[in-house]
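Notes follow the structure.
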Amino acid sequence: MGLVDAFLLPLQLLVLLLLHVAFALYRLGRVVSHLVASPAPDSSSSSAASGPLLDSARWDKTPQHLAVIFVPSKLSWSFSRRRSERAELAKLVEDLQLLLRWAEQLNCVSLSVYDEHGILDRNAEAVTTTLAASFPLLSPPKPSSTTHDLSGSTTFRVALPRLARLKGGGGDDLDSIAGREVDSGCGSSDVASAPVSELGGTFSASASTLVATPSPSSSSTTASFLTVSLLSRLSGRPHLAHLAQQLSQRLQSSNLKKLPEGAVEEVVEASNLAEPDLLIVLGGPYLRLHGFPPWQVRLTEFYHHPSPSWLPPPPLTYTVFRRALDLYGHAEKRLGR
Amino acid sequence: MSSYLSSLWSGAGKSAPEAPPQDAHLPLSSFLSWIPSGLHPTLRTLLIRALRLGPRPQHVAFIMDGNRRYARKKGEPVRVGHEEGFEALKRVLSFFLKLDIPHVTVYAFSIENFNRDPKEVEALMDMARVRLVEICEKGALLDRHGVQIRILGRRDLLPPDVQASCARAEAMTANNSRGILNFCCPYTSQEEIATAMKRTAEAAAETDTASSVTDETISANLYTSASPPLDILIRTSGVNRLSDFLLWQANEDTVLHFIPPNWPDIGVVDVLPPLLSYQGEVWAHKLASWVGLA
């Protein structure tokens, strides 16, 4: 039997080699057709600062809660680590500006941006200062400080001029509700109002609270805002471990043996990170989540833009974003049924 | 298509009642149908032997989606789709176990699926009553490969006789140690994570070790803790979501593959790209560390 195996071994090796060659060619073919099929972004209808305009009529639905994972390169493309971090940060901020523009056009409610190494979170002040040049920020960036805040993250709100919107509860027919709000001239009297300075400081406990408009203006267009979260690895599994620690300490101090029903869910949801409708993974040769908060991606659609890990991370372009929205716009959610 | 499938695993075993339960074979693919069907077993064995020469993942997960769409396309009732789905599970398991991939996790039934049409839920429970024990019998698939079955999830939500079948199936394979089949039914990942966090918090409170709780502690309290980290997750029917499956386990390095065919139509050609990608990455990594990069 050993002789037959010894004879077959070269044949098996050949088959393995052929399989990998065929697979490599197939992947190369996909990359080439990907490049050929994607038209160059139409730069005539946009300015460099605002980026190309989205053709919203193209999609059945667009995400209200958007998330992007920026996958870093495996190799360092610069001699000094500080210089490479600065270069990475510059690239991330550029992409973030484009994202904010598009989120505004799509009327998104929240935007979560994740990078493993926490470059955005660490440099949050610099990031928001740069963004403040083109987008009005409603509050100074708020890093995680209180016990229930999402660890390793910074959140801030960007005012976007558009019709008043209800926050939370995906799937609502927001246009008609917003329209109703505006037509009846409710203004801010029916709305749970809070002074602007406090808006950024506290998270509302229930996700479906109506949000105050920061400044009274004509009833047809009132400003509302987009919540932007800069996330890092600490916001994922380590944050859940941190919550488990807190629960454990709470148990010890209360002299109970077991946690009450729903205690875990309550504490996880208190960190208020939105569940993304669409998550774009930018970079990496294969689709991976790289430590993005696990709890929130339960029903999220994933779109992956591949890029070899030895190349610098790919920029977020209009073509990539449009393809992601194409994927999301045609997806059907069944929710178990 | 179904006649093609049945020709691949010939009905020879049906004539002799004492014959051992026949092995289930993963079909090659419809576009390779020009290869005469007599050669399929040889080709399949050659393929398996060839792949075994390279690195293989230790833990693979499947979301078996598309049974109902498959049935609708064929004009059959949904129950038939699920039955075909179970046969497909046997075929895929057989292929993976022959490749020496010891840990496989499958999403059989979600807690949310209880909201489905009661007749469909009853048909699925019927299948669970009979089929689970069937694959655990002496000489059957799991026994042949020395694989243990574990039913993960909120078993207390299942009818009592189904719970009894689950317990029986687990007991029958409890002594197998070469691998584990994690059969998730009824399962949701958020429930698993919440339970793991609860167990972690309660244990830490009892032993006063709250400060040493890390995400590793929580990982050790998950239902799948007996299996190594998840390498690959494959979902069929072209949907690009995890739908509350293995959210914690698939969070880090797991490669997610969303493939177009419906689950009962899955074939060798569909599982090859994930396996070849895995091998390619392991080799590239070895090469890079040998050359001194990354």
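What follows draws every value from the coordinates through simple rules; no lab data is involved. No experiment lies behind these values; they were computed from the predicted model shown. With ideal geometry, Cβ positions are generated from the backbone for all residues, glycine too; neighbour counts draw on all protein chains shown.
One table, with the values for the structure above:
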| item | result |
| --- | --- |
| Distant-in-sequence amide H partners of B:Ala61 (H built 1.01 Å from N, under 5 Å) | B:Thr105, B:Ile232, B:Leu233, B:Ile234 |
| Placed amide H near A:Leu278: partners under 5 Å, 5+ positions off or other chain | A:His65, A:Ala67, A:Glu301 |
| Exposure proxy ranking, count of Cβ atoms within 10 Å, fewest first, for A:Tyr318, B:Tyr187 | A:Tyr318, B:Tyr187 |
| Under 5 Å, built H, 5+ apart or other chain: amide partners of B:Ile151 | B:Phe183 |
| Under Karplus coefficients 6.51, -1.76 and 1.60, residue-wise ³J(HN,Hα) of the range B:120-132 in Hz, glycine/proline x | 5, 4, 5, 4, 5, 5, 4, 4, 4, 4, 9, 5, 4 |
| Spin-label zone in the range A:2-28 - amide nitrogen under 20 Å from a point set 7 Å from the Cα of B:Leu39 along the C-beta vector | A:8-23 |
| Shielding of B:265-273 by partner chains, average beta-carbon count, 10 Å | 1 |
| Test item: B:42-52 mean partner chain Cβ contacts at 10 Å | 4 |
| Label-point separation in nm, A:Gln252 to B:Asp117, each point 7 Å along Cα→Cβ | 5.4 |
| 18 Å Cα-Cα reach of A:Lys61 towards aspartates and glutamates, excluding residues that sit fewer than 8 places from it in its own chain | A:Glu104, A:Asp172, A:Asp173, A:Asp175, A:Glu275, A:Asp277, A:Glu301, A:Asp326, A:Glu332 |
| Protection proxy ranking, peptides B:192-201, A:301-310, average beta carbon neighbours within 10 Å, highest first | B:192-201, A:301-310 |
| Cross-link partners of A:Lys91 among lysines (Cα-Cα below 23 Å; sequence separation of 8 or more within a chain) | A:Lys74, A:Lys142 |
| Shielding of A:277-289 by partner chains, average beta-carbon count, 10 Å | 3 |
| Cα-only Debye scattering, the range B:209-294: base-10 log of I(q)/I(0) at q = 0.12 Å⁻¹ | -0.53 |
| ³J(HN,Hα), Karplus 6.51/-1.76/1.60, whole Hz, each residue of the range B:185-201, x for Gly, Pro | 7, x, 9, 9, 5, 5, 5, 5, 5, 4, 5, 5, 5, 4, 4, 4, 4 |
| Too-long pairs where the Cα-Cα distance tops 20 Å, listed order kept, from B:Lys90/B:Lys119; B:Lys74/B:Lys98; B:Lys90/B:Lys138 | B:Lys90/B:Lys119; B:Lys74/B:Lys98 |
| A:Glu265-A:Arg83 FRET efficiency (beta carbon distance; Förster radius 56 Å; 0.05 resolution) | 0.80 |
| Proximal aspartates and glutamates relative to B:Lys73, as straight alpha-carbon distance under 16 Å, when same-chain residues fewer than 8 apart are discounted | B:Asp65, B:Glu83, B:Glu84, B:Asp265 |
